[in-house]
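What follows is a short report on a single structure.
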Amino acid sequence: MKTGIHPDYFTDAVITCANCKAKFKTGATKQEVQIEICSQCHPFFTGKNVLIDTEGRVDKFRKMQDGATGRKKKARKKKTLEERVNEELAVQLGKDKEKEEQEAAKKAAKKAAKAEKLEEMKEVAENTKAAEAIVEEAAPETEEAPSAEEATPEVEEAPVEEAAPAKEEAPKE
């Protein structure tokens, strides 16, 4: 054997089970080794159905990669169908509520415009009534003036004669 190329061998290495915390001594190239499940707690060997809390392969791989690079990535939580449906319903409700508010604002604006027009019409009516009252008061005081039809003399219209167009002969060649 060449010297300096082989790893150190530890004859008293400790293997620890992450599930049941059992410890075993054996020989290995690492001083301490952790395993997810051992023969003392595995359902095949014990005959018991036990829920084993282990991480998924992908999560374990990502955890290993994050540890190697030194930076941590945010874990993405996958949304359930119920959460996605609830979000869509919330968005739709928000749109419906906004549409109702806009319609209510339009109705209020129309009512305000109608009320303003009504006020203007009332004001015009009051002004015309006042003007008619003033005219009626002034009418008996003044002499009756001839009406517009009587004041203008009638003008007779002279008959218009149409001149017949003269026929021109085309030059002969």
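The values are calculated or read from the model by the stated rules, or taken from the named source; none is laboratory data. On a predicted model such as this, the values are computed, not experimentally measured, just so you know. Positions of Cβ are backbone-derived with ideal geometry, glycine not excepted, and every protein chain shown enters the neighbour counts.
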Filter segment 10-20 down to the residues that are surrounded by 10 or more Cβ atoms within 10 Å (Cβ to Cβ) and modelled with pLDDT of 85 or more, then identify the one that is nearest to the chain's Cα centre (by Cα).
-> Ala18
Hey, Ile37 closer than 25 Å to Ala13 by Cβ, assigned to a loop (DSSP other than H, G, I, E, B) and modelled with pLDDT of 70 or more or not | yes
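So, Glu149, is that one at pLDDT below 75, exposed (fewer than 10 other Cβ atoms within 10 Å of the Cβ), of a type in the set (D, E, K, R) and in a helix (DSSP H, G or I) or not? First the steps, then the outcome.
Details: at pLDDT below 75: yes; exposed (fewer than 10 other Cβ atoms within 10 Å of the Cβ): yes; of a type in the set (D, E, K, R): yes; in a helix (DSSP H, G or I): yes.
For Glu149, the condition - at pLDDT below 75, exposed (fewer than 10 other Cβ atoms within 10 Å of the Cβ), of a type in the set (D, E, K, R) and in a helix (DSSP H, G or I) - is met.
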For segment 20-33, pairs from a residue that is at negative phi to a residue that is of a type in the set (Gly, Ala, Ser), with Cβ under 6 Å and 6 or more apart or across chains, are Thr26/Ala13; Ala28/Ala13; Gln31/Ala13
Does segment 40-59 hold any residues that are at pLDDT 80 or above and within 27 Å of Lys77 (Cβ to Cβ), and which are they?
-> none
